[in-house]
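What follows is a set of notes on a single structure, which appears directly below.
The values are calculated or read from the model by the stated rules, or taken from the named source; none is laboratory data. Quantities reported herein were computed from a predicted structural model and do not represent experimental measurements. Ideal geometry is used to build each Cβ from the backbone, glycine not excepted, and the neighbour counts take in all protein chains shown. Remember, those area values only see protein heavy atoms, side chains included, never the ligands or the DNA or RNA. Shrake-Rupley method; radii C 1.70, N 1.55, O 1.52, S 1.80 Å.
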Amino acid sequence: MTESLTQPRPETAGTGVVRPTTVAEAAQVLSGSTGSVLFRGGATQLDWAGRVPDPDLVVDTTDLSGVLTHNPGDMTASVRAGTTLIALQDQLAGAGQWLALDPPTASAGATVGGLLATGDSGPSRLRYGGIRDLVIGVTIVLADGTVARSGGHVIKNVAGYDLAKLVHGSLGSLALVAEVVVRLHPLPERSVTFTGDADAAQATAAALALAASPLEPAAVEWASAADAGRLLVRVDGTEASVDAAGRSLTELLAGLGVTLTALSAPDATSAWQAHAAAVVGSDDETVVRVAGLPSDLADLAGSAQDAARVADLRVVVVSSAALGMHTVRLSGGSPTGHAQALTQLRGRALERGASVLLRRRSPELDGLVEALGPPPSSADLLRRIKAEFDPTGRCAPGRFSPWF
């Protein structure tokens, strides 16, 4: 275990950093320390929700890494939480398997533990589910150093309380995710990506039509553009099934005015890399994730355009259209304009029953708008869970402020 000072991010500048290599070391660090603590893996999602200002301690999991077990026959693996998704996929590929996740932050070094703590996912969630559906066991370390485990290495294991689902999306506010057991999938024999021009209304219609059809695409994504937008549809499976599905979905979407073209493998890789970058955005942008209904895409895109126009901003909408998970990026203009547009967009989304998560913004925006909107109906339950797992409020204070 090593200790050092970190420089790269303002919220951890001058803060003591500890890098445990085992669960026991992590437990020892937490039991033997006091004050606020920030858990950090690949540092790809530290800007999500509220900021954690000047924590007394950062527990960096980058040395808490490596595959512990891989059982190809059972299609399970256990890994330390600091293992990057890319490193895990590389090792699993040798057995023709993968953890069916493709979050946009993977190329930046997202870790398995960080993905569970943030609940991040990617286009493949449509077919394979999110990380909460793929984790079957977890080891966590509480703020006082207590180690807790649930689940195991059997996919149908139902023993014990499901801690994995509890920490899913908790953004490090409850405990340190130390080890994760995941279920795996075979690598598809073939994968083909189709693309076509589509505006938001056409993309919405396409997503709903595909959901109502017997087809099972692996991903249905859309991104706005100056001339309308671009639809991406990926099909995974055997050679025969992919060919048949490709013909059927091409015919189906042609009836909606969307002409699809199959991409070559290199072009498909480039298209998905560009799409991932579009979801993440850049440091000078305000990035918001709106989780609602697939049918809300056209309305959301229109609301985002309206809010940006009033505030004299540029806007890009990127959507997992069939999942109802939409990302809005605002750029240009002033912090006041960003706050105005964000407030208007958040209000419209909440009216439609959607949830809103602020994923990126400039420090100047913090004094103009709350990182989180109005508390949900579950806020009291969330506060009670926080009090049970972290009674002294050590873990990521401010992350869910003012909810708790």
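Some observations on this one:
- Under a model in which nothing but the beta-carbon of Lys, Arg (+1) and Asp, Glu (-1) is charged, the range 240-360 shows a dipole of about 260 debye around its Cα centre.
- Normalising by residue count, the chain has a Cα convex hull of 139 Å³ per residue.
- Per-peptide average of other Cβ atoms within 10 Å, ordering 386-393, 195-202, 34-41, 221-228 highest first: 34-41, 195-202, 221-228, 386-393
- Heavy-atom accessible area per residue - the range 236-317, 1.4 Å, Å²: 48 Å²
- Most mobile listed residue (93, 178, 207) in the chain, GNM with C-alpha springs under 10 Å: 93
- Structure-based [θ]222 nm, the chain - -39500 (n - 2.57) summed over DSSP H runs of at least 4, per residue, nearest 500: -9000 deg cm²/dmol
- Charge-dipole axis of the chain as Lys and Arg at +1 and Asp and Glu at -1 on Cβ define it, positive-most pick from 332, 177, 69: 177
- Of 352, 149, 361, the one that fluctuates the most in a GNM where the chain has Cα springs shorter than 10 Å: 352
- The 1.4 Å probe gives accessible areas that order 216, 179, largest first, as 216, 179.
- Given charges at beta-carbon only (K, R positive; D, E negative), |dipole| of the range 319-404 in Debye: 200 debye
- For the chain, with +1 on Lys and Arg beta carbons and -1 on Asp and Glu, the positive-most of 217, 124, 163 along the dipole: 163
- Under a Gaussian network description of the chain, with springs only between Cα atoms under 10 Å, the residue in 124, 378, 355 that fluctuates furthest is 378.
- Under 14 Å, Cβ to Cβ, from residue 388 - net charge with Lys/Arg +1 and Asp/Glu -1: +1
- Applying both filters, DSSP loop and at most 12 other Cβ atoms within 10 Å, to the chymotrypsin sites (Phe, Trp or Tyr not before Pro) of the range 98-205 gives 161.
- For the range 4-142, a Kirkwood radius taken over Cα pairs fed into Stokes-Einstein (4 °C, viscosity 1.567 mPa s) yields D = 82 µm²/s.
- Nearest-20 debye value, the chain charge dipole, Cβ charges on Lys, Arg, Asp, Glu: 580 debye
- Paired Rg and Dmax values of the range 252-404, which use every Cα atom, in angstrom: 18.0, 59
- Carbon + sulfur, % of accessible area of the chain - ligands and nucleic acids excluded, 1.4 Å: 54 percent
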